[in-house]
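In what follows, a single structure is set out as structure tokens and then discussed.
Bear in mind these aren't lab numbers, they're just calculated from the coordinates by the rules spelled out. Note that the structure is a prediction, hence the values are computed from the model and not measured. Please note: Cβ atoms are built from the backbone with ideal geometry, for glycine as well, and neighbour counts cover all protein chains shown.
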Amino acid sequence: MSTLLASAVVSAFTPASALRASINLGNPILANKDPASGEPIGVSVDLARAFAERLGAPLELVVFEKAAASVEAVRGEQADIGFFAIDPARGEGLRFTAPYVLIEGSYLVPAASALAGNEDVDRDGQRIAVGSGSAYDLFLTREIRQAQIVRVAGASGVMQSLRAGQVEVAAGIRQVLEAEAAGDAALRLLPGRFMVIQQAMGTPASRGPEAAAVLAAFVEEMKASGFVADALARHRIQGASVAPAGPG
């Protein structure tokens, strides 16, 4: 990918002069707050910074606590790029790149639960807590037939619901749930995964096909060059993997 971008493409990504990047702190695999400075850090922040440098534009981070709000900021053009799980329910008004990171979604249950595997979850009488508007919410809304989906505010709300006995199952990022189980003998992670989350970059569809193609090529370059792998290692992210090369 050439480092010299047409001025029309740069303008498409920077209508407010700076590149506004929507950052979702609800996914700790991709973004967190630095405990010392309070500033957002993580793989998505590193990618946003690198893309701003490619455009020759200043970077403005637009930070959210939940995925749904982060998506809406880009769809509503309050941000120019974002970092989302690919899902058909999010496609309207957005253009996604191929994924740059793959993350597993898993289930957490009380240690005393009779549930032994993922296939046991979708049964009458089972309640599954999910973060409202998350990738798990969107996926399970399509896939679950018998169990009840209980939508709550973010990962903390999911854990509160499980610990309070308001649900039988918590759905979320495998690495996050593993950490919860490791620190609490009363909880148990079901083996395997119920989905693979494809994390991609996105931009408003209104920015045009050329801008979307530039963003897609940037993601492929960042994967192929080792940038994404280095960012995962630098931020000490375990369990997530660099996505394979996209089509094209």
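For this structure, a couple of remarks:
- Listed peptides 92-103, 138-149, 119-130 by packing density, highest first (mean Cβ within 10 Å): 92-103, 119-130, 138-149
- Between the range 64-140 and the range 172-231, the C-alpha centres lie 11 angstrom from each other.
- Estimated FRET transfer efficiency when R0 is 45 angstrom, pair residue 217-residue 112 (beta carbons, to 0.05): 0.35
- Segment residue 156-residue 119, extension gain: residue separation times 0.36 nm, minus the distance between their alpha carbons: 10.8 nm
- Long hydrophobic helices in the chain, taken as whole DSSP H segments with a C-alpha length of 20 Å or more on their own axis and mean Kyte-Doolittle hydropathy at least -0.5: 209-224.
- Taking every C-alpha pair closer than 8 Å and separated by at least 6 residues, the mean separation divided by the residue count of the range 102-194 gives a relative contact order of 48 percent.
- Local electrostatic count, residue 141, Cβ distance below 15 Å [Lys/Arg +1, Asp/Glu -1]: +1
- Packing here is the average count of other Cβ atoms within 10 Å per residue, and on that basis the peptides 37-43, 152-158, 168-174, highest first, run 168-174, 152-158, 37-43.
- In this calculation the C-beta distance from residue 77 to residue 175 is compared with R0 = 35 Å, giving a FRET efficiency of 0.60.
- Paramagnetic label zone (point 7 Å from Cα along Cα-to-C-beta, residue 146; backbone N under 16 Å) in the range 107-136: 114-128
- Only the Cβ atoms of Lys and Arg (+1) and of Asp and Glu (-1) were treated as charged; on that basis the dipole of the chain about its Cα centre amounts to roughly 80 debye.
- Three-way shape call for the range 102-194 based on the alpha-carbon gyration tensor, with the a/c threshold at 1.5: rounded
- Computed over the chain, the per-residue total of -39500 (n - 2.57) for DSSP H runs of n ≥ 4 gives a 222 nm mean residue ellipticity of -9500 deg cm²/dmol, rounded to 500.
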